[in-house]
Amino acid sequence: MGKIVFLSNRLPTTVKRNKEGALVYEESIGGLSTGLKSFHQEADSIWIGWPGILEEDLTGEEKQEIKKTLRDNYQCIPVFLSKREVDEYYHGCSNRTIWPLFHYFTGKTEYDPSNWETYCEVNRKYFKTAEEYLDSEDVIWVHDYHLFLVPELLREGYPQLKIGFFLHIPFPSFEVFRLLIWRKEILKGLLGANLIGFHTYDYMWHFLTCVRRLLGCEDVLDKIIYNGRYVHVNAFPMGIDYERFFNYQIEPGVAENSEFSLENGQGMKTILSVDRLDYSKGIPQRLKAFETLLKRYPEYKEKVTFYLIVAPSRVEVKAYHQLLKEIRELVSEINGRFGTMDWMPVWFFFRPFTQEMLINYYRQADILLVTPLRDGMNLVAKEYIAARNDYRGMVVISETAGAANELGEAIIVNPNDYRHTAAGIKAALEMPEEEQEARNLIIHQRLKSYNVDYWGEEFLRALRWTGTYALEAGLPRHIKEDIEEIQKAWCQAKKRLLLLDYDGTLVDFTNVPEEAKPDLELRKLLNEAAEDLKNTVVIISGRERHNLLRWLGDIHLHLVASHGLWIRNPGQHEEWNMTARQEKGWKNVVLPILGTYTDQIPGSFIEDKVYSLAWHYRQCDPVIIEAKLPEIRETLNRILQSTNLGIQEGKKVLEVKDKTVNKGQAATYFLNRDQYDFILALGDDHTDEHMFTMLPKKAYTVKVGLGKTAARYRTDTWLSARMILKKMIQS
Ligand code: GDG
């Protein structure tokens, strides 16, 4: 088993210069870093990220020194970023575009194409650095929204690599995500991974909906089918290092010497909150809720103090300056209005504290007030409960924090509703100690079992499991495993039959069917195959005769059109043989029905073929299709019963046609004509299954893509299907 390679924007260790100009190494602050650090320290792993100091501020020698120290002492590899890169990729695209949008602050979202370009550039830089340290056995775990494009870059370079991605912030609903200019690039970037993890199921559903609606990919339960691969998605709520917080021994003297202590006892209660400075954390709203508490329940005047700890972060982004100003103003307003000579209602600290001091304050506070407007998870709430090894205290948390899903026993409030929040604080302040203990005990058990190690191990276990045999049970063998044996059989054969589906098998699927004409490479390939006198090459398609004739009529091929209704032998230019007698009168009944659905569902269209009607929905909103398709099938089946017509389902198309005509019949026609000692059949959709089932067992039947099939083998995409043909021809 290889090592784990973590990739995140920042390293868990920050490099700074002290007053004397020397380089110093400090712990980074923030959820991702705190959460993953303990896991990283214990694993055979390296962590790649930015060390937090600008490249321009370092000499070449210093860079070497940082590289060595980080590697030797912290298992870390630095990615050095210039000021421009930090401004545009980090402060710009990550923190002024993705962060606000993903937290539903659409009004704060900026769209700057040059920042996006730098974002792409820096993602490539992280990828390049990762490449230097990668071994084929390693698993890669990419973290968070700064590096959305890295999974795809890795996948392109290393198709077999195990790549995981975890998103630490919410994934917004489709209506919000669609606002992003680079929405498709981001989805495609992520889909390079084998496994994508979210904090909650809601975020996961949002992601699946976006992939379905924006990229048109199918998903089956927790898997997306993308480029011939399964991409797994799941919720992995992040835990904390429970034992550390629970058992933490505060050094003697630390509490006494701290610059302040939470003054509780003698009738005074304390409320604490701890956040990084961020508008998503709802700090002004929290202050207003506290003010509401004092207004609505005046008995709490001089009886409760609010300690508001805010750690500086992203101070370079303008929105954060305004936020800080707003917080300061609100604090002085409340203190001015309600404060007395002996009591200051709000104590505001805008600076970082050591984790030891935070634990000290967690243990002193009667209430932890965590009211983000949106938060991916929120680890502070979990840390507070774990640190309270006396099982006392109470968390008041907003429903829009991911952590609220796991803290059902705490008091859950709507952060925009100040009265509701104030009532929640009051309920927490008045809760009897036995009830606090009873509620907290349940949460403690949960936090203890679902700790950060469990979270990390679960994710990595699921990642290692992706693509293994167990997951793909039910799918046929990948053809690459037997390709040499098949090549050998090809060489030994005297008469070969090649049955090749066209759309999705030899060419990519296009939005407009007319656009899928063969390119030069394909024509050359088919020419070569057809020129070999040992080969009978058949293009077996659902397309109409004129299409096939126009695109492929000049090559020495057998053409099968309309799923087997028409067969044309090479050289007979327009001489098509009809394989079954057909009626057309039924179209007068079916056409108006399909017409109604076409009017109702934007993007759908009817292809009126000579003996069939195809209703295409490849350009439609998948959500509408999902809702409407059962009704359409039922309506059609009702009128088609007791006729010899049926619905044939293809890739994003429903076709009404004679059900006795199918590719299986057409394949039999060729089997009856001659004796073949090598048969290869390639196809990607449901209509090809008729062909696979009719062929003898020894035939090499290959399904292109994933999904249930009767074929013996599978291959990934139309590109790899062409590759198989090429390999055979060149054998
Ligand atoms: C992101 C998501 C998600 C805070 N102040 C100080 C300090 N901290 C530590 C806390 C806690 C962490 O930082 C903050 O974690 P959160 O989860 O609350 O929030 P974000 O930083 O926004 O984290 C969040 C998280 O990623 C994990 O996936 O939960 O939703 O936004 O551990 O203790 N630590 C120190 N001094 C401080 O002053 N040492």
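Using only the Cα atoms of segment 639-729, what semi-axes does the equivalent ellipsoid have when each is the square root of 5 times a gyration tensor eigenvalue? Give whole Å, largest first.
On the way: eigenvalues 130, 64, 18 Å².
Semi-axes (√(5λ), whole Å): 25, 18, 10.
Keeping every protein chain in place, order Arg351, Arg363, Arg155, Arg296 by accessible area at 1.4 Å, biggest value first, i.e. largest first. Provide the component values of the computation, followed by the final result.
Numbers: Arg351 85, Arg363 60, Arg155 30, Arg296 115 Å².
Listed by decreasing accessible area, they come as Arg296, Arg351, Arg363, Arg155.
Placing +1 at every Lys and Arg Cβ and -1 at every Asp and Glu Cβ, with all other atoms neutral, what dipole size does segment 437-528 have around its Cα centre, in debye to the nearest 20? List each step's numbers first, then the result.
On the way: 14 positive and 17 negative charges, 69 e Å.
Charge dipole, segment 437-528, about its Cα centre: 340 debye, nearest 20.
Could you check what % of the DSSP bridge pairs in the chain are antiparallel, to the nearest 5? Provide the component values of the computation, followed by the final result.
On the way: 32 of 103 bridges.
The antiparallel fraction comes to roughly 30 percent.
Percent antiparallel among DSSP beta bridges with both residues in segment 340-461, to the nearest 5? Don't jump to the answer; show the numbers that get you there.
Working: 1 of 9 bridges.
Percentage antiparallel, nearest 5: 10.
If segment 261-449 were replaced by its equivalent ellipsoid, with semi-axes equal to the square roots of 5 times the Cα gyration tensor eigenvalues, what would those be, largest first, whole Å?
Working: eigenvalues 107, 82, 49 Å².
With the √(5λ) rule applied to segment 261-449, the semi-axes are 23, 20, 16 Å.
Mind checking which aspartates and glutamates have their Cα closer than 15 Å to the Cα of Lys325? Skip sequence neighbours fewer than 8 apart in that chain.
Asp278, Glu316, Glu333
Which lysines, on any chain, are close to Lys188 with Cα under 16 Å apart, when same-chain ones fewer than 8 places away are left out?
Lys223
Hey, with R₀ at 60 Å, roughly what FRET efficiency would Lys651 and Glu333 work out to, going by the Cβ-Cβ distance, to 0.05? Provide the component values of the computation, followed by the final result.
Details: r = 62 Å, r/R0 = 1.04.
E(calc), rounded to 0.05, equals 0.45.
In square nanometres and to one decimal, what's the mean projected area of the convex hull around the Cα atoms of segment 587-658? Before the final figure, lay out each step's value.
On the way: hull surface 17.3 nm².
Convex hull of Cα atoms, orientation-averaged projection: 4.3 nm².
Just to be sure I understand the model, the point goes 7 Å from the Cα along the line to the Cβ. What's the resulting Asn234 to Lys184 distance in nm?
Each label point is offset 7 Å from its Cα along the Cβ direction, giving 3.1 nm.
May I ask you to give the percent of accessible area on segment 261-449 that is carbon plus sulfur, with a probe radius of 1.4 Å?
Details: 3540 of 7430 Å².
C and S atoms contribute 48 percent here.
How would you order 175-185, 674-684 from highest to lowest mean count of nearby Cβ atoms within 10 Å? Mind dumping the intermediate values first?
Details: 175-185: 15.6, 674-684: 20.8.
Descending packing order for the listed peptides: 674-684, 175-185.
Subtract the Cα-Cα distance of Ala427 and Gln675 from 0.36 nm times their separation in residues, and report this length gain in nm to one decimal. Each step should come with its number before you reach the end.
On the way: separation 248, 0.36 × 248 = 89.28 nm, distance 8.43 nm.
Here the answer is 80.8 nm.
Taking the Cα centre as origin and putting +1 on Lys and Arg beta-carbons and -1 on Asp and Glu beta-carbons, what dipole magnitude results for segment 587-658, to the nearest 20 debye?
Working: 9 positive and 10 negative charges, 27 e Å.
Dipole of segment 587-658, to the nearest 20 debye: 120 debye.
Please list, or write none, the lysines whose alpha carbon is within less than 17 Å of the alpha carbon of Lys125, excluding same-chain residues fewer than 8 places away.
Within reach: Lys63, Lys67, Lys83.
How would you order 286-294, 341-349, 695-703 from highest to lowest mean count of nearby Cβ atoms within 10 Å? Each step should come with its number before you reach the end.
Working: 286-294: 23.3, 341-349: 15.3, 695-703: 19.0.
Highest-to-lowest ranking by the protection proxy: 286-294, 695-703, 341-349.
So for segment 261-449, averaging the separation of alpha carbon pairs under 8 Å that are six or more residues apart and normalising by length, what relative contact order in percent results? Don't jump to the answer; show the numbers that get you there.
Numbers: 329 pairs, mean separation 46.4, N = 189.
Relative contact order for segment 261-449 comes out at 25 percent.
Would you kindly state how much longer the chain becomes between Asp482 and Phe349 on full extension, computed as 0.36 nm times their sequence separation minus their alpha carbon distance, in nm to one decimal?
Numbers: separation 133, 0.36 × 133 = 47.88 nm, distance 6.63 nm.
Extra length from Asp482 to Phe349 when fully extended: 41.3 nm.
Provide the per-residue ³J(HN,Hα) series for segment 681-698, in order, calculated from phi with Karplus coefficients 6.51, -1.76, 1.60 and θ = phi - 60°, each as a whole number of Hz, with x at glycine and proline positions.
Along segment 681-698, the couplings run 10, 10, x, 10, 10, 4, 5, 7, 5, 4, 5, 4, 6, 7, 7, x, 4, 6 Hz.
Projecting each Cα onto the charge dipole of the chain (Lys/Arg +1, Asp/Glu -1 at the beta carbon, about the Cα centre), which of Gly35, Phe260, Leu208 comes out farthest on the positive side?
Leu208
So who's got an amide H within less than 5 Å of the one on Glu27, skipping anything under 5 residues away but keeping other chains? H placed 1.01 Å off N, in plane.
Sorted by chain and number, the residues that satisfy this are Thr14.
Quick one: accessible area per residue over the chain, 1.4 Å probe, rounded to a whole number of Å²?
Working: 31270 Å² over 731 residues.
That works out to 43 Å² for each residue.
Would you mind working out the magnitude of the charge dipole of the chain relative to its Cα centre, with +1 at each Lys and Arg C-beta and -1 at each Asp and Glu C-beta, to the nearest 20 Debye?
Details: 92 positive and 103 negative charges, 414 e Å.
Here the chain has a charge dipole of around 1980 debye.
Give me the one-decimal nm value for the distance between modelled label points at Asn389 and Ile729, 7 Å along each residue's Cα-to-Cβ direction.
Reported label-point gap for Asn389 and Ile729 is 7.3 nm.
From Cα coordinates alone, what are the radius of gyration and Dmax values for segment 535-591 in angstrom?
Here Rg and the maximum Cα pair distance are 12.6, 43 Å.
How many lysine pairs in segment 587-658, separated by 8 or more positions in sequence or lying on different chains, have Cα atoms less than 15 Å apart? If you can, show how the numbers build up before the last one.
On the way: Lys587/Lys609; Lys587/Lys657; Lys609/Lys657; Lys628/Lys652.
Lysine pairs, 8 or more places apart or on different chains, close enough: 4.
Given 4 °C and 1.567 mPa s, how large is the Stokes-Einstein diffusion coefficient of segment 541-679 in µm²/s, with Rh as the Kirkwood radius over Cα pairs?
Working: Rh = 16.4 Å.
In µm²/s, the coefficient is 79.
Taking N as the number of residues in segment 1-153, what is its Cα Rg relative to 2.2 N^0.38 Å?
Working: Rg = 15.6 Å, N = 153, 2.2 N^0.38 = 14.9 Å.
Normalised by 2.2 N^0.38 Å, the Cα Rg of segment 1-153 equals 1.05.
For Cys76, which sequence-distant residues (separation of 5 or more, or a different chain) have an amide H within less than 5 Å of its own amide H, given hydrogens modelled in the peptide plane?
Trp47, Arg71
When the expected Rg is taken as 2.2 N^0.38 Å, what fraction or multiple of it is the alpha-carbon Rg of segment 574-627?
Ratio of Cα Rg to 2.2 N^0.38 Å: 1.41.
Semi-axes, largest first, in whole Å: what does sqrt of 5 times each Cα gyration tensor eigenvalue give for the chain?
Working: eigenvalues 748, 175, 93 Å².
Each semi-axis is √(5λ); the values are 61, 30, 22 Å.
Keeping all protein chains in position, work out how much accessible area Lys301 exposes to a 1.4 Å probe, and write it in Å² to the nearest 10.
Ignoring ligands and nucleic acids, Lys301 comes out at about 90 Å².
Would you give the gap between the C-alpha center of segment 670-720 and the C-alpha center of segment 112-169, rounded to a whole Å?
Segment 670-720 and segment 112-169 have Cα centres spaced 36 Å from each other.
Say R0 is 41 Å: what FRET efficiency, to the nearest 0.05, do Arg461 and Gln64 get from their beta-carbon distance?
On the way: r = 37 Å, r/R0 = 0.91.
Step by step, r from the Cβ atoms, then E = 0.65.
How large is the accessible surface of Glu88 in square angstrom, using a 1.4 angstrom probe and rounding to the nearest 10?
About 50 Å², ignoring ligands and nucleic acids.
What number, in percent, do you get for the relative contact order of the chain if the mean sequence gap of Cα pairs under 8 Å and at least 6 apart is divided by its residue count? Numbers along the way, then the final one.
Numbers: 1322 pairs, mean separation 70.6, N = 731.
So the answer I get is 10 percent.
Using 16 Å as the cut-off for backbone N distance, which residues of segment 315-342 belong to the label zone defined by a point 7 Å from the Cα of Lys16 along Cα→Cβ?
Backbone N within reach: 315-316.
What FRET efficiency, computed as 1/(1 + (r/R0)^6) with R0 = 30 Å and r the Cβ-Cβ distance, is obtained for Ile624 and Tyr111, rounded to the nearest 0.05?
Values: r = 28 Å, r/R0 = 0.92.
Rounded to the nearest 0.05, the efficiency is 0.60.
In whole Å, what are the extents of segment 63-194 along the principal axes defined by its C-alpha atoms, from largest to smallest?
Principal-axis extents of the Cα atoms in segment 63-194, largest first: 44, 34, 22 Å.
Glu575: accessible area at probe 1.4 Å, nearest 10 Å²?
We get 120 Å² for Glu575.
In sequence order, what are the phi-derived ³J(HN,Hα) couplings for segment 123-137 according to the Karplus relation 6.51 cos²θ - 1.76 cosθ + 1.60 with θ = phi - 60°, rounded to whole Hz, with x for glycine and proline?
Ordered by residue, 3J(HN,Hα) equals 4, 5, 5, 4, 4, 4, 5, 4, 3, 5, 10, 7, 10, 5, 7 Hz.
The values are calculated or read from the model by the stated rules, or taken from the named source; none is laboratory data. As the structure is a computational prediction, the values presented were derived from the model and not from experiment. Using ideal geometry, Cβ is built from the backbone for each residue, glycine included, and neighbour counts are taken over all protein chains shown. Accessible surface areas use protein heavy atoms only, side chains included; no ligands, DNA or RNA. Shrake-Rupley method; radii C 1.70, N 1.55, O 1.52, S 1.80 Å.
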